[in-house]
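**Q** This structure is in C-alpha coordinates; I'll ask about it shortly.
The values are calculated or read from the model by the stated rules, or taken from the named source; none is laboratory data. Predicted model only: the values in this text are computed from it and were never measured. Positions of Cβ are backbone-derived with ideal geometry, glycine not excepted, and every protein chain shown enters the neighbour counts. Keep in mind that these areas ignore ligands, DNA and RNA; they rest on the heavy atoms of the full protein, side chains included. Shrake-Rupley method; radii C 1.70, N 1.55, O 1.52, S 1.80 Å.
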Amino acid sequence: MEVLYNSTRSKGKPIKASEAILKGLSDDGGLFVPDSIPALDKSLKELSEMTYGQVAYEVMKLYLSDFTEDELKSCIAKAYDEKFDTEEIAPMVKAGGAYYLELFHGPTIAFKDMALSILPHLLTTSAKKNHVENEIVILTATSGDTGKAALAGFADVEGTRIVVFYPKNGVSPIQEKQMVTQKGRNTYVVGIHGNFDDAQTGVKQIFGDKELAAYMNEKGFQFSSANSINIGRLVPQIVYYVYSYVKLLKEERISEGEKINVVVPTGNFGNILAAFYAKQMGLPIDKLICASNENKVLFDFFRTGTYDRNREFVLTSSPSMDILISSNLERLIYRIAGNDPDQNKELMAALVSGGVYTITEEMKVQLQDFYGNYADEAQTAQTIHDLYDNTGYVIDTHTAVAACVYRKYQEETGDCKQTIIASTASPYKFTRSVMNAIDSKYDAMGDFELADELARISGVCVPRAIEEIKKAPVLHDRVCEKSEMKQVVMDFLGI
Ligand SMILES: *Cc1c(COP(=O)(O)O)cnc(C)c1O
(Lines give C-alpha, C1' and ligand atoms only; values in the text may rest on other atoms or scores of the structure.)
Protein backbone atom coordinates (compact mmCIF):
# COMPACT_ATOMS: atom_id res chain seq x y z
CA MET A 1 0.00 0.00 0.00
CA GLU A 2 1.35 3.40 -0.92
CA VAL A 3 1.94 5.78 1.98
CA LEU A 4 1.57 9.45 1.05
CA TYR A 5 2.43 12.53 3.08
CA ASN A 6 0.25 15.40 4.28
CA SER A 7 1.16 18.67 5.91
CA THR A 8 0.21 19.07 9.57
CA ARG A 9 -1.14 22.55 8.79
CA SER A 10 -3.39 22.30 5.74
CA LYS A 11 -5.26 19.81 3.61
CA GLY A 12 -3.52 19.89 0.26
CA LYS A 13 -2.77 17.18 -2.24
CA PRO A 14 -0.76 14.45 -0.48
CA ILE A 15 2.75 13.95 -1.87
CA LYS A 16 5.06 11.00 -2.28
CA ALA A 17 7.79 10.16 0.22
CA SER A 18 10.60 11.23 -2.13
CA GLU A 19 8.92 14.61 -2.62
CA ALA A 20 8.51 15.07 1.13
CA ILE A 21 12.21 14.28 1.66
CA LEU A 22 13.23 16.79 -0.99
CA LYS A 23 11.01 19.54 0.40
CA GLY A 24 11.80 18.95 4.10
CA LEU A 25 9.15 21.37 5.33
CA SER A 26 5.76 21.98 3.74
CA ASP A 27 5.19 25.38 2.06
CA ASP A 28 2.61 26.25 4.72
CA GLY A 29 5.24 25.77 7.45
CA GLY A 30 3.79 22.41 8.52
CA LEU A 31 5.60 19.10 8.91
CA PHE A 32 4.97 16.14 6.65
CA VAL A 33 3.19 13.16 8.22
CA PRO A 34 2.30 9.78 6.70
CA ASP A 35 -1.42 9.56 5.85
CA SER A 36 -1.54 6.35 7.84
CA ILE A 37 1.03 4.53 9.91
CA PRO A 38 1.81 1.22 8.20
CA ALA A 39 1.82 -2.05 10.15
CA LEU A 40 4.89 -4.29 10.17
CA ASP A 41 4.36 -6.92 7.49
CA LYS A 42 6.92 -9.43 8.78
CA SER A 43 6.50 -11.29 12.05
CA LEU A 44 8.71 -10.37 14.98
CA LYS A 45 10.12 -13.89 14.75
CA GLU A 46 11.15 -13.37 11.12
CA LEU A 47 12.63 -9.98 11.91
CA SER A 48 14.64 -11.45 14.77
CA GLU A 49 16.72 -13.45 12.28
CA MET A 50 17.74 -10.32 10.35
CA THR A 51 20.76 -8.00 10.39
CA TYR A 52 20.38 -4.29 11.15
CA GLY A 53 20.38 -3.47 7.44
CA GLN A 54 17.71 -6.06 6.71
CA VAL A 55 15.45 -4.79 9.48
CA ALA A 56 16.05 -1.25 8.19
CA TYR A 57 14.77 -2.34 4.79
CA GLU A 58 11.65 -4.02 6.22
CA VAL A 59 10.73 -0.92 8.24
CA MET A 60 11.68 1.82 5.80
CA LYS A 61 10.10 0.25 2.72
CA LEU A 62 6.71 0.69 4.39
CA TYR A 63 7.17 4.47 4.67
CA LEU A 64 9.21 5.19 1.55
CA SER A 65 6.86 3.32 -0.70
CA ASP A 66 7.86 5.11 -3.90
CA PHE A 67 11.47 3.92 -3.56
CA THR A 68 12.27 0.73 -5.46
CA GLU A 69 13.77 -2.19 -3.58
CA ASP A 70 17.16 -1.57 -5.21
CA GLU A 71 17.11 2.14 -4.43
CA LEU A 72 16.32 1.66 -0.77
CA LYS A 73 18.71 -1.25 -0.26
CA SER A 74 21.49 0.75 -1.87
CA CYS A 75 20.85 3.73 0.46
CA ILE A 76 20.93 1.40 3.47
CA ALA A 77 24.13 -0.32 2.35
CA LYS A 78 25.92 3.01 1.88
CA ALA A 79 24.80 4.29 5.28
CA TYR A 80 25.34 1.45 7.72
CA ASP A 81 28.84 0.28 6.81
CA GLU A 82 32.34 0.60 8.29
CA LYS A 83 31.56 4.17 9.29
CA PHE A 84 30.09 2.41 12.34
CA ASP A 85 32.59 0.79 14.66
CA THR A 86 30.45 -2.32 15.19
CA GLU A 87 28.69 -4.58 12.69
CA GLU A 88 25.67 -4.60 14.94
CA ILE A 89 25.27 -0.84 14.31
CA ALA A 90 23.09 -0.44 17.42
CA PRO A 91 24.25 -2.86 20.15
CA MET A 92 22.67 -3.21 23.58
CA VAL A 93 24.28 -3.42 27.01
CA LYS A 94 22.44 -4.60 30.11
CA ALA A 95 23.33 -2.62 33.22
CA GLY A 96 21.52 -1.75 36.43
CA GLY A 97 18.32 -3.56 35.44
CA ALA A 98 17.78 -1.97 32.00
CA TYR A 99 19.01 -2.40 28.46
CA TYR A 100 21.02 0.51 27.12
CA LEU A 101 20.55 0.76 23.37
CA GLU A 102 23.81 2.32 22.22
CA LEU A 103 23.02 4.63 19.31
CA PHE A 104 26.49 6.17 19.26
CA HIS A 105 28.67 3.85 17.24
CA GLY A 106 28.66 6.06 14.14
CA PRO A 107 31.23 8.59 12.91
CA THR A 108 30.44 11.37 15.41
CA ILE A 109 29.65 9.10 18.37
CA ALA A 110 26.12 10.42 18.91
CA PHE A 111 22.68 9.24 17.85
CA LYS A 112 22.21 11.84 15.08
CA ASP A 113 24.50 9.60 13.01
CA MET A 114 21.75 6.95 12.88
CA ALA A 115 19.70 9.19 10.59
CA LEU A 116 22.30 11.53 9.12
CA SER A 117 24.34 8.71 7.64
CA ILE A 118 21.39 7.68 5.47
CA LEU A 119 19.68 11.04 4.80
CA PRO A 120 22.19 12.13 2.09
CA HIS A 121 21.48 8.96 0.13
CA LEU A 122 17.71 9.27 0.57
CA LEU A 123 18.00 12.86 -0.60
CA THR A 124 20.09 12.19 -3.72
CA THR A 125 17.87 9.22 -4.62
CA SER A 126 14.79 11.42 -4.18
CA ALA A 127 16.37 14.05 -6.43
CA LYS A 128 16.98 11.47 -9.16
CA LYS A 129 13.46 10.08 -8.89
CA ASN A 130 12.00 13.54 -9.30
CA HIS A 131 14.30 14.48 -12.20
CA VAL A 132 16.06 17.15 -10.21
CA GLU A 133 19.35 17.70 -11.97
CA ASN A 134 20.69 20.47 -9.78
CA GLU A 135 23.36 19.74 -7.27
CA ILE A 136 21.85 19.78 -3.75
CA VAL A 137 23.42 22.32 -1.42
CA ILE A 138 22.86 21.62 2.27
CA LEU A 139 22.99 24.70 4.43
CA THR A 140 23.11 24.28 8.21
CA ALA A 141 23.60 26.48 11.23
CA THR A 142 24.84 24.52 14.19
CA SER A 143 25.44 24.95 17.89
CA GLY A 144 27.88 22.06 17.67
CA ASP A 145 26.57 18.55 17.26
CA THR A 146 24.21 18.49 14.29
CA GLY A 147 26.72 20.31 12.10
CA LYS A 148 29.38 17.68 12.57
CA ALA A 149 26.96 14.78 12.07
CA ALA A 150 25.63 16.39 8.87
CA LEU A 151 29.18 17.02 7.60
CA ALA A 152 30.14 13.41 8.24
CA GLY A 153 26.99 12.19 6.50
CA PHE A 154 27.30 14.34 3.39
CA ALA A 155 31.09 14.27 2.96
CA ASP A 156 31.92 13.12 -0.58
CA VAL A 157 28.32 12.14 -1.39
CA GLU A 158 28.00 12.60 -5.15
CA GLY A 159 25.60 15.36 -6.20
CA THR A 160 25.70 17.23 -2.87
CA ARG A 161 27.63 20.01 -1.17
CA ILE A 162 27.37 21.09 2.43
CA VAL A 163 28.05 24.41 4.12
CA VAL A 164 27.99 24.62 7.91
CA PHE A 165 28.00 27.87 9.86
CA TYR A 166 28.86 27.84 13.55
CA PRO A 167 29.31 30.62 16.15
CA LYS A 168 33.08 31.13 16.25
CA ASN A 169 33.19 31.51 20.03
CA GLY A 170 30.06 29.55 20.86
CA VAL A 171 30.99 25.88 20.58
CA SER A 172 33.27 23.70 22.70
CA PRO A 173 36.95 23.31 21.63
CA ILE A 174 36.36 19.63 20.81
CA GLN A 175 33.24 20.43 18.78
CA GLU A 176 35.14 23.08 16.83
CA LYS A 177 38.08 20.76 16.22
CA GLN A 178 35.68 18.04 15.01
CA MET A 179 34.22 20.40 12.44
CA VAL A 180 37.26 22.26 11.16
CA THR A 181 39.11 19.01 10.52
CA GLN A 182 36.27 17.66 8.36
CA LYS A 183 37.47 16.00 5.16
CA GLY A 184 35.56 15.81 1.87
CA ARG A 185 35.76 17.73 -1.41
CA ASN A 186 32.20 19.00 -0.98
CA THR A 187 32.36 20.26 2.62
CA TYR A 188 32.76 23.83 3.84
CA VAL A 189 32.84 24.96 7.46
CA VAL A 190 32.70 28.62 8.40
CA GLY A 191 32.83 30.35 11.78
CA ILE A 192 30.79 33.52 12.16
CA HIS A 193 31.26 36.48 14.48
CA GLY A 194 27.98 36.09 16.35
CA ASN A 195 26.00 33.56 18.35
CA PHE A 196 23.99 30.51 17.26
CA ASP A 197 20.84 32.58 16.71
CA ASP A 198 22.75 34.87 14.33
CA ALA A 199 23.95 31.84 12.37
CA GLN A 200 20.42 30.42 12.30
CA THR A 201 18.87 33.71 11.23
CA GLY A 202 21.47 34.11 8.48
CA VAL A 203 20.76 30.64 7.14
CA LYS A 204 17.00 31.27 7.19
CA GLN A 205 17.50 34.49 5.24
CA ILE A 206 19.54 32.70 2.60
CA PHE A 207 16.87 29.99 2.35
CA GLY A 208 14.18 32.63 1.91
CA ASP A 209 16.05 34.62 -0.76
CA LYS A 210 14.00 34.02 -3.93
CA GLU A 211 16.38 35.94 -6.16
CA LEU A 212 19.29 33.87 -4.98
CA ALA A 213 17.30 30.65 -5.49
CA ALA A 214 16.59 31.61 -9.10
CA TYR A 215 20.24 32.45 -9.74
CA MET A 216 21.37 29.21 -8.13
CA ASN A 217 18.94 27.26 -10.28
CA GLU A 218 20.42 28.89 -13.38
CA LYS A 219 23.85 27.73 -12.25
CA GLY A 220 22.68 24.19 -11.44
CA PHE A 221 22.26 24.32 -7.65
CA GLN A 222 19.42 24.20 -5.15
CA PHE A 223 19.29 24.43 -1.38
CA SER A 224 18.01 21.78 0.97
CA SER A 225 18.15 21.32 4.71
CA ALA A 226 19.16 18.40 6.89
CA ASN A 227 17.23 19.43 9.99
CA SER A 228 15.44 17.05 12.23
CA ILE A 229 11.92 17.62 10.96
CA ASN A 230 12.70 15.97 7.62
CA ILE A 231 10.77 12.72 7.31
CA GLY A 232 14.03 11.30 5.92
CA ARG A 233 15.49 11.66 9.40
CA LEU A 234 12.48 10.40 11.32
CA VAL A 235 11.90 7.13 9.44
CA PRO A 236 15.44 5.70 9.91
CA GLN A 237 15.02 6.24 13.66
CA ILE A 238 12.09 3.82 13.85
CA VAL A 239 14.41 1.01 12.77
CA TYR A 240 16.46 0.66 15.93
CA TYR A 241 13.42 0.26 18.15
CA VAL A 242 12.24 -2.65 16.05
CA TYR A 243 15.76 -4.06 15.84
CA SER A 244 16.38 -3.91 19.58
CA TYR A 245 13.01 -5.48 20.43
CA VAL A 246 13.55 -8.45 18.12
CA LYS A 247 17.05 -8.87 19.42
CA LEU A 248 15.75 -9.25 22.97
CA LEU A 249 13.32 -11.77 21.55
CA LYS A 250 16.05 -13.70 19.76
CA GLU A 251 18.15 -13.83 22.91
CA GLU A 252 15.07 -15.09 24.80
CA ARG A 253 15.15 -12.19 27.21
CA ILE A 254 11.50 -11.53 26.39
CA SER A 255 8.78 -13.72 24.89
CA GLU A 256 6.98 -12.95 21.63
CA GLY A 257 4.43 -10.20 22.15
CA GLU A 258 5.72 -9.28 25.63
CA LYS A 259 5.43 -5.56 26.19
CA ILE A 260 8.47 -3.49 27.02
CA ASN A 261 8.98 0.14 28.03
CA VAL A 262 11.18 2.58 26.18
CA VAL A 263 12.92 5.58 27.76
CA VAL A 264 14.19 8.41 25.55
CA PRO A 265 16.25 11.47 26.52
CA THR A 266 14.34 14.12 24.61
CA GLY A 267 14.98 17.50 23.06
CA ASN A 268 13.30 18.10 19.74
CA PHE A 269 10.96 15.09 20.24
CA GLY A 270 12.25 13.29 17.11
CA ASN A 271 13.69 10.19 18.72
CA ILE A 272 10.73 9.48 20.99
CA LEU A 273 8.29 10.14 18.16
CA ALA A 274 10.07 7.40 16.20
CA ALA A 275 9.45 5.05 19.14
CA PHE A 276 5.77 6.07 19.11
CA TYR A 277 5.57 5.26 15.39
CA ALA A 278 7.20 1.88 16.09
CA LYS A 279 4.47 1.21 18.65
CA GLN A 280 1.74 2.21 16.18
CA MET A 281 3.28 -0.22 13.67
CA GLY A 282 2.59 -3.08 16.07
CA LEU A 283 5.79 -3.30 18.08
CA PRO A 284 4.83 -4.37 21.64
CA ILE A 285 5.82 -1.22 23.49
CA ASP A 286 3.88 -0.20 26.58
CA LYS A 287 5.04 3.13 27.97
CA LEU A 288 7.02 5.75 26.11
CA ILE A 289 8.97 7.48 28.84
CA CYS A 290 9.97 11.00 27.87
CA ALA A 291 12.99 12.28 29.82
CA SER A 292 13.86 15.97 29.98
CA ASN A 293 16.64 17.92 31.65
CA GLU A 294 15.98 21.18 33.53
CA ASN A 295 14.40 22.60 30.36
CA LYS A 296 11.34 20.59 31.31
CA VAL A 297 8.71 22.00 28.93
CA LEU A 298 7.66 18.49 27.94
CA PHE A 299 7.29 17.26 31.53
CA ASP A 300 4.95 20.18 32.23
CA PHE A 301 3.09 19.52 29.00
CA PHE A 302 2.41 15.86 29.77
CA ARG A 303 1.30 16.75 33.29
CA THR A 304 -0.93 19.72 32.53
CA GLY A 305 -1.75 19.69 28.81
CA THR A 306 -0.25 23.17 28.48
CA TYR A 307 2.86 23.72 26.41
CA ASP A 308 4.57 26.89 27.60
CA ARG A 309 7.90 28.05 26.30
CA ASN A 310 7.84 31.27 28.33
CA ARG A 311 10.50 30.41 30.84
CA GLU A 312 14.17 30.78 31.44
CA PHE A 313 16.42 28.82 29.11
CA VAL A 314 18.81 26.72 31.19
CA LEU A 315 22.26 25.68 29.98
CA THR A 316 22.84 22.14 31.22
CA SER A 317 25.42 19.37 30.95
CA SER A 318 23.13 17.70 28.38
CA PRO A 319 23.24 20.52 25.78
CA SER A 320 21.60 18.58 22.96
CA MET A 321 18.42 18.58 25.04
CA ASP A 322 18.53 22.30 25.88
CA ILE A 323 15.47 23.11 23.80
CA LEU A 324 12.28 25.04 24.55
CA ILE A 325 10.48 24.36 21.27
CA SER A 326 10.30 20.65 20.50
CA SER A 327 9.48 20.89 16.79
CA ASN A 328 8.56 17.26 16.24
CA LEU A 329 5.87 17.41 18.92
CA GLU A 330 3.72 19.02 16.22
CA ARG A 331 3.35 15.62 14.56
CA LEU A 332 1.90 14.17 17.77
CA ILE A 333 -0.38 17.17 18.30
CA TYR A 334 -1.75 16.77 14.77
CA ARG A 335 -2.44 13.12 15.45
CA ILE A 336 -4.23 13.59 18.77
CA ALA A 337 -6.25 16.35 17.13
CA GLY A 338 -7.67 13.56 14.96
CA ASN A 339 -5.39 14.46 12.01
CA ASP A 340 -7.08 17.84 11.89
CA PRO A 341 -4.72 20.39 10.32
CA ASP A 342 -6.90 23.37 11.27
CA GLN A 343 -6.88 22.62 14.97
CA ASN A 344 -3.14 21.92 14.89
CA LYS A 345 -2.47 25.11 12.97
CA GLU A 346 -4.34 27.15 15.55
CA LEU A 347 -2.26 25.71 18.40
CA MET A 348 1.01 26.27 16.53
CA ALA A 349 -0.01 29.86 15.78
CA ALA A 350 -0.63 30.37 19.51
CA LEU A 351 2.85 29.00 20.20
CA VAL A 352 4.38 31.54 17.83
CA SER A 353 2.39 34.53 19.06
CA GLY A 354 2.20 33.96 22.82
CA GLY A 355 4.63 31.07 23.33
CA VAL A 356 1.91 28.88 24.84
CA TYR A 357 -1.01 26.61 23.94
CA THR A 358 -3.31 24.20 25.78
CA ILE A 359 -4.75 21.03 24.30
CA THR A 360 -8.32 19.86 24.92
CA GLU A 361 -9.27 17.17 27.45
CA GLU A 362 -10.16 14.95 24.52
CA MET A 363 -6.64 15.28 23.16
CA LYS A 364 -5.07 14.81 26.54
CA VAL A 365 -6.57 11.36 27.11
CA GLN A 366 -4.78 10.20 23.98
CA LEU A 367 -1.43 10.83 25.62
CA GLN A 368 -1.72 7.85 27.95
CA ASP A 369 1.09 6.01 26.15
CA PHE A 370 3.47 8.69 27.40
CA TYR A 371 4.99 9.35 30.79
CA GLY A 372 7.12 12.47 31.27
CA ASN A 373 9.57 13.43 33.97
CA TYR A 374 12.88 15.26 34.30
CA ALA A 375 16.25 15.15 36.01
CA ASP A 376 18.08 18.17 37.41
CA GLU A 377 21.84 18.62 37.11
CA ALA A 378 22.73 17.06 40.47
CA GLN A 379 20.49 14.04 39.85
CA THR A 380 22.01 13.54 36.41
CA ALA A 381 25.55 13.51 37.79
CA GLN A 382 24.52 11.23 40.64
CA THR A 383 23.02 8.77 38.16
CA ILE A 384 26.29 8.52 36.22
CA HIS A 385 28.18 8.11 39.46
CA ASP A 386 25.92 5.42 40.92
CA LEU A 387 25.63 3.34 37.75
CA TYR A 388 29.41 3.34 37.43
CA ASP A 389 29.85 2.44 41.09
CA ASN A 390 27.37 -0.41 40.94
CA THR A 391 28.13 -1.88 37.53
CA GLY A 392 31.27 -0.33 36.01
CA TYR A 393 29.21 0.89 33.03
CA VAL A 394 29.73 4.52 32.06
CA ILE A 395 26.96 6.56 30.39
CA ASP A 396 26.94 10.09 29.03
CA THR A 397 24.96 13.01 30.50
CA HIS A 398 21.98 12.74 28.08
CA THR A 399 21.59 9.04 28.71
CA ALA A 400 21.89 9.72 32.44
CA VAL A 401 18.87 12.03 32.29
CA ALA A 402 16.93 9.09 30.84
CA ALA A 403 18.26 6.62 33.40
CA CYS A 404 17.32 8.95 36.24
CA VAL A 405 13.81 9.49 34.91
CA TYR A 406 13.42 5.74 34.52
CA ARG A 407 14.24 5.26 38.20
CA LYS A 408 11.63 7.90 39.11
CA TYR A 409 9.08 6.14 36.90
CA GLN A 410 9.75 2.83 38.59
CA GLU A 411 9.51 4.32 42.06
CA GLU A 412 6.19 5.93 41.18
CA THR A 413 4.58 2.98 39.42
CA GLY A 414 6.35 -0.20 40.49
CA ASP A 415 6.25 -1.22 36.81
CA CYS A 416 8.97 -3.80 36.25
CA LYS A 417 8.59 -4.57 32.54
CA GLN A 418 11.80 -5.07 30.59
CA THR A 419 13.00 -1.64 29.54
CA ILE A 420 15.18 -0.18 26.81
CA ILE A 421 16.90 3.14 27.46
CA ALA A 422 18.02 4.99 24.34
CA SER A 423 21.67 5.83 24.90
CA THR A 424 22.19 8.83 22.66
CA ALA A 425 25.85 9.77 23.04
CA SER A 426 29.11 8.12 23.88
CA PRO A 427 30.51 9.19 27.25
CA TYR A 428 33.60 10.21 25.24
CA LYS A 429 31.60 13.01 23.71
CA PHE A 430 30.99 14.63 27.10
CA THR A 431 34.07 13.35 28.89
CA ARG A 432 34.50 16.23 31.30
CA SER A 433 30.98 16.20 32.74
CA VAL A 434 31.01 12.42 32.88
CA MET A 435 34.35 12.14 34.66
CA ASN A 436 33.50 14.92 37.10
CA ALA A 437 30.33 13.05 38.00
CA ILE A 438 32.37 9.93 38.72
CA ASP A 439 34.99 11.68 40.83
CA SER A 440 35.78 15.37 41.44
CA LYS A 441 39.51 14.57 41.43
CA TYR A 442 39.39 14.57 37.61
CA ASP A 443 38.74 18.30 37.57
CA ALA A 444 42.37 19.17 36.93
CA MET A 445 43.00 16.90 33.94
CA GLY A 446 43.14 18.01 30.28
CA ASP A 447 40.53 16.82 27.77
CA PHE A 448 42.54 14.16 25.96
CA GLU A 449 44.12 12.95 29.16
CA LEU A 450 40.61 12.55 30.57
CA ALA A 451 39.66 10.39 27.59
CA ASP A 452 42.58 8.06 28.34
CA GLU A 453 41.51 7.90 31.96
CA LEU A 454 37.93 7.07 30.91
CA ALA A 455 39.27 4.21 28.79
CA ARG A 456 41.15 2.90 31.79
CA ILE A 457 38.26 2.96 34.25
CA SER A 458 35.54 1.77 31.83
CA GLY A 459 37.50 -0.77 29.81
CA VAL A 460 36.01 0.74 26.61
CA CYS A 461 38.63 1.93 24.08
CA VAL A 462 38.81 5.58 23.06
CA PRO A 463 36.67 5.76 19.88
CA ARG A 464 38.20 6.47 16.49
CA ALA A 465 36.31 9.78 16.31
CA ILE A 466 38.27 11.11 19.31
CA GLU A 467 41.63 9.58 18.36
CA GLU A 468 41.40 11.07 14.89
CA ILE A 469 40.79 14.67 15.86
CA LYS A 470 43.77 14.65 18.22
CA LYS A 471 46.18 14.79 15.29
CA ALA A 472 43.97 15.82 12.36
CA PRO A 473 45.02 18.94 10.42
CA VAL A 474 42.71 21.98 10.32
CA LEU A 475 41.13 22.11 6.87
CA HIS A 476 38.66 24.96 7.37
CA ASP A 477 39.70 28.33 8.77
CA ARG A 478 37.32 30.80 7.21
CA VAL A 479 35.63 33.20 9.62
CA CYS A 480 33.12 35.79 8.46
CA GLU A 481 30.73 38.50 9.60
CA LYS A 482 26.99 37.79 9.83
CA SER A 483 26.43 40.06 6.85
CA GLU A 484 28.82 38.07 4.66
CA MET A 485 27.18 34.66 4.90
CA LYS A 486 25.44 34.79 1.53
CA GLN A 487 28.64 35.86 -0.22
CA VAL A 488 30.56 33.06 1.49
CA VAL A 489 28.10 30.49 0.13
CA MET A 490 28.36 31.93 -3.37
CA ASP A 491 32.16 31.93 -3.21
CA PHE A 492 32.14 28.29 -2.18
CA LEU A 493 29.88 27.38 -5.09
CA GLY A 494 32.01 29.47 -7.45
CA ILE A 495 29.06 31.49 -8.73
C1 LIG B 1 19.73 15.35 19.53
C2 LIG B 1 20.04 14.64 20.79
C3 LIG B 1 19.05 14.28 21.73
C4 LIG B 1 17.61 14.70 21.57
O5 LIG B 1 16.96 14.00 20.53
P6 LIG B 1 15.59 14.57 19.95
O7 LIG B 1 15.29 13.69 18.80
O8 LIG B 1 15.90 15.97 19.53
O9 LIG B 1 14.58 14.50 21.02
C10 LIG B 1 19.42 13.57 22.86
N11 LIG B 1 20.70 13.24 23.08
C12 LIG B 1 21.68 13.55 22.22
C13 LIG B 1 23.08 13.18 22.54
C14 LIG B 1 21.40 14.26 21.04
O15 LIG B 1 22.39 14.57 20.20
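**Q** Go through the stretch 1-59 and name the GluC sites (Glu not before Pro) that are in a DSSP coil and have 16 or fewer other Cβ atoms within 10 Å of their Cβ. All intermediate terms of the calculation are to be shown ahead of the outcome.
**A** Numbers: sites: 2, 19, 46, 49, 58; in loops: 2, 49.
Of the GluC sites (Glu not before Pro), the ones in loops of the stretch 1-59 whose Cβ has at most 16 other Cβ atoms within 10 Å are 2, 49.
**Q** Also, quick follow-up: How much area per residue is accessible in the chain when the probe is 1.4 Å and only protein heavy atoms are counted (Å²)?
**A** Ligands and nucleic acids excluded, the figure is 41 Å² per residue.
**Q** Indicate, rounded to the nearest 5 percent, the antiparallel portion of the DSSP beta bridges found entirely in the chain. If you can, show how the numbers build up before the last one.
**A** Numbers: 12 of 49 bridges.
So the antiparallel bridges amount to about 25 percent of the total.
**Q** Can you list the aspartates and glutamates whose alpha carbon sits under 18 Å from that of residue 471, skipping same-chain ones fewer than 8 residues off?
**A** 176, 447, 449, 452
**Q** Return a whole-number percent for the relative contact order of the stretch 16-75, with Cα pairs under 8 Å and 6 or more residues apart as the contact set.
**A** 38
**Q** Based on DSSP H runs of at least 4 residues, each adding -39500 (n - 2.57), what is the mean residue ellipticity at 222 nm of the chain after dividing by all its residues, to the nearest 500 deg cm²/dmol?
**A** Mean residue ellipticity at 222 nm (helix-derived): -13500 deg cm²/dmol.
**Q** Within straight cross-link reach of residue 408, meaning Cα distance under 13 Å, which aspartates and glutamates are found once same-chain residues fewer than 8 apart are removed?
**A** Hits, sequence-local ones excluded: 376.
**Q** Which whole-number percent gives the relative contact order of the stretch 185-304, counting Cα pairs below 8 Å spaced six or more residues apart?
**A** Taking the mean separation of contacting Cα pairs over the length of the stretch 185-304, I get 19 percent.
**Q** Counting Lys and Arg as +1 and Asp and Glu as -1, each charge on the Cβ, what is the dipole of the chain about the Cα centre in debye, to the nearest 20? Kindly include the intermediate steps, with their values, before the conclusion.
**A** Numbers: 52 positive and 68 negative charges, 94 e Å.
It works out to roughly 440 debye.
**Q** Same structure, new question: Out of the total accessible area of the stretch 106-265 (probe 1.4 Å, heavy atoms of protein only), what percent is carbon and sulfur?
**A** On the stretch 106-265, the fraction of accessible area on carbon and sulfur atoms equals 46 percent.
**Q** Share of the stretch 343-495's accessible area from carbon and sulfur, percent, 1.4 Å?
**A** Answer for the stretch 343-495: carbon and sulfur cover 49 percent of the accessible area.
**Q** Using a Cα-Cα cut-off of under 23 Å, which lysines could be cross-linked to residue 482, ignoring same-chain neighbours fewer than 8 residues away?
**A** Within the straight-line cut-off, residue 482 pairs with 148, 168, 177, 204, 210.
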